[in-house]
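Just below is one structure, and these are the notes that go with it.
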Amino acid sequence: MRIMKGLVLGAALAALAVPAAQARTVKVGVVLTFSGVNAEYGDQILRAMNLYMKEHPKAAGANKIELIKRDSKNPSGTVAKTEVQELITRDKVDMLAGFVFSPDAIASAPLATEAKVPMIVMNAGTAWITNLSPYIVRTSFSMWHAAYPMGSYAAKTLGCKTAVVGYTDYPPGKDSLEAFKKGFEGAGGKVIDEIPMGNPAQVPDFTPFLQRAKDEKPDCFYAFVPAGAHAAALVKTYGDLGLRAAGVKLIGPLDIIQDTKLQQMGKAASGMVVMGHYAADYDNPANKAFVKAWHRAYGAQSTPDFMAVAGWDGMAAIAHVVKTLDGKIDPDKAMKTLEGWKFDSPRGPIMIDPQTRDIVQNEHVEEVVEKGDRLHVKVLETIPQVKDPCKELKVGKCAP
Ligand code: PHB
C-alpha cells in the first residue's frame with residue numbers, strides 16, 4: 001500500500017513537473033494572385049488551405065496557424081518579391097506559402113534563402129524552382145511531371161509522328177516545351193514547330209497560332225497555357241478552327257482542362273488527351289471526401305481543381321511541421337520534417353522527395369469524354385510515383 005501511494009504521488013509530481021504543451025501561433029505569409037485575369041487561382045488555393053484546417057482542426061496540435069495574405073497581382077515576380085520582403089521583415093513570418101506563377105517563386109527564392117524561411121510552393125511549376133533555395137518545398141508539380149511522359153505517350157500510343165508545340169512564352173512554358181520535346185523525340189517523334197503564344201498576364205487571340213499549327217498538318221498539337229481563361233480560349237479556338245476534323249489531336253498537361261473551366265469548354269474539349277495528377281472526377285476515397293467537403297463549404301456549383309489540391313496538401317504539410325515542432329519553427333528542422341513526408345492526398349499518395357524537395361506523385365493519362373450532359377475526365381493509364389524527370393535526367397537547368 002505504501003509503495004502504491006508513493007508511486008501515485010511520484011506520478012502526480014512528475015505530471016506537475018512537465019509543463020503543459022504551450023499553444024503557439026505560427027505565422028505563414030501567403031502570396032497568391034487575388035486580382036487581375038488570374039484572381040480565381042488565389043481563391044482556389046486559399047479556399048483549399050482554409051478547408052484543410054476546417055476539416056482537420058487538430059492537425060497542428062494545440063497550435064494556431066495564422067495566414068497573412070498578400071496579392072501578387074501580376075505574374076512578373078516584382079510584386080511578389082516586395083510582398084515577401086515585407087512579410088519577412090515586418091510581419092516576421094515563420095513560413096511562406098502560395099506562389100501561383102513561376103516568376104513569383106523565382107524572384108522570391110533568394111529571400112527565402114537569405115532569411116531562412118521555409119517556402120511551400122503551391123503551384124509554380126518550372127522544374128528548377130526547387131533548386132533555387134534549400135528552403136523550398138513544392139506540393140504542386142514540375143512541368144516535366146506531365147510534359148515528359150506525355151511526349152513518349154504521344155509518340156508510342158497515340159501514334160503521333162509529328163507534333164507542333166504551342167506555349168505561353170515564360171519559364172514554365174519553355175520548360176514544358178523542352179520536356180515534351182525530350183519525351184516525344186526520345187520516343188521517335190519529331191517536333192516540327194514551336195510557337196510562342198503570348199504571355200501569362202493577358203489572354204491572347206489564339207487564332208493565328210492555331211491556324212499556323214493547322215497549316216503545318218502535325219498529328220498532335222501539344223499546348224501549354226497557364227490554365228484558367230487561357231485554357232478556355234485555347235480550346236474554344238481549337239474547336240472553332242476545326243483542327244480535330246483536320247486530323248490534329250490536341251494534347252497537353254492537365255492545365256489545359258482545369259476543372260474550373262472544363263464544363264464551359266463544351267464539345268471542343270471532348271476527346272482531348274492530357275497527362276495529369278489531379279481531376280475532381282478521381283474516384284478514390286480521399287478525393288471523394290475532399291470534393292464532398294468542398295461542395296459543403298463552397299456550394300455544389302463550385303469545384304476544386306489541381307491548384308486547390310496543391311493548397312490542401314501544402315496546408316497539410318505546414319500543419320505537419322507545426323505539430324512536429326510544436327509551434328517552434330526552426331527553419332532547418334522544418335525542412336528536415338518535410339523531407340520524405342508522405343500524405344494521402346486527394347490526388348493519390350504523395351511524398352516530398354528528400355533529395356530534391358519536390359513532389360513525387362502518380363501521373364495519369366486522361367481523356368475527356370462526354371457523360372450525360374457533362375464532360376468527364378477518364379483515367380486511361382497510371383504511371384506510379386513519378387519524380388520530376390528534369391532532375392532525374394539532370395538535363396538543362398536541372399543539371400547539377
Ligand atoms: C506557372 O507559372 O508556373 C504556372 C502557372 C499556371 C499553370 C501552370 C504553371 O497552370
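The values are calculated or read from the model by the stated rules, or taken from the named source; none is laboratory data. Everything quoted here is computed from the prediction, not taken from an experiment. Virtual Cβ from ideal backbone geometry, glycine too; neighbours counted across all protein chains shown. What goes into the accessible areas is simple: the full protein's heavy atoms, side chains included, and nothing from ligands, DNA or RNA. Shrake-Rupley method; radii C 1.70, N 1.55, O 1.52, S 1.80 Å.
Can we say VAL84 is more than 17 Å from PHE141 (Cβ to Cβ) and either surrounded by 23 or more Cβ atoms within 10 Å (Cβ to Cβ) or modelled with pLDDT under 95 (or both)?
Numbers: more than 17 Å from PHE141 (Cβ to Cβ): yes; either surrounded by 23 or more Cβ atoms within 10 Å (Cβ to Cβ) or modelled with pLDDT under 95 (or both): yes.
Spelling it out, VAL84 is indeed more than 17 Å from PHE141 (Cβ to Cβ) and either surrounded by 23 or more Cβ atoms within 10 Å (Cβ to Cβ) or modelled with pLDDT under 95 (or both).
Within the stretch 56-67, track down each residue that is in contact (Cβ under 8 Å) with a residue 40 or more places away in the chain and surrounded by fewer than 18 Cβ atoms within 10 Å (Cβ to Cβ). Explain how you work it out, then say what you get.
Let us first name the residues in the stretch 56-67 that are in contact (Cβ under 8 Å) with a residue 40 or more places away in the chain, namely 56, 59-66.
Hits for the stretch 56-67 are HIS56, ALA59, GLY61, ALA62, LYS64, GLU66.
May I ask you to list the residues in the stretch 26-67 that are on the phi > 0 side of the Ramachandran plot and modelled with pLDDT of 95 or more? Listed by number, the list holds a single entry, GLY61. Tell me, which strands (runs of 3 or more DSSP E) lie completely within the stretch 301-393 with 1 or more residues that are of a type in the set (Ser, Thr, Tyr) and touching a helix residue (DSSP H, G or I) at 6+ places or on another chain (Cβ under 8 Å)? Hits in the stretch 301-393: 342-345. Answer yes if at least one residue in the stretch 262-271 is more than 17 Å from the chain's Cα centre (by Cα), free of Cβ contacts under 8 Å to residues at least 24 places away in the same chain, assigned to a loop (DSSP other than H, G, I, E, B) and away from the ligand (no atom under 15 Å from the Cβ), and no otherwise. No. One residue is enough: does the stretch 359-370 have a residue meeting the conditions surrounded by 21 or more Cβ atoms within 10 Å (Cβ to Cβ), within 16 Å of the ligand (Cβ to nearest atom), within 20 Å of the chain's Cα centre (by Cα) and more than 23 Å from LEU96 (Cβ to Cβ)? Scanning the stretch 359-370 turns up at least one residue that is surrounded by 21 or more Cβ atoms within 10 Å (Cβ to Cβ), within 16 Å of the ligand (Cβ to nearest atom), within 20 Å of the chain's Cα centre (by Cα) and more than 23 Å from LEU96 (Cβ to Cβ).
Of all residue pairs spaced 6 or more apart or on separate chains, those with beta-carbon atoms under 8 Å, a first member in the stretch 319-347 that is within 25 Å of ALA279 (Cα to Cα) and a second member that is of a type in the set (Ser, Thr, Tyr) are ALA319/TYR52; HIS320/THR337; PRO346/TYR278; PRO346/TYR282; ARG347/TYR278; ARG347/TYR282.
Scanning the stretch 207-261 for residues that are away from the ligand (no atom under 16 Å from the Cβ), open to solvent by less than 20 Å² (accessible area, probe 1.4 Å) and part of a loop (DSSP other than H, G, I, E, B) gives PRO218, LEU243, VAL248. Based on this model, can you work out whether GLU194 counts as assigned to a helix (DSSP H, G or I) and more than 19 Å from the chain's Cα centre (by Cα)? So GLU194 does not fit the description; no.
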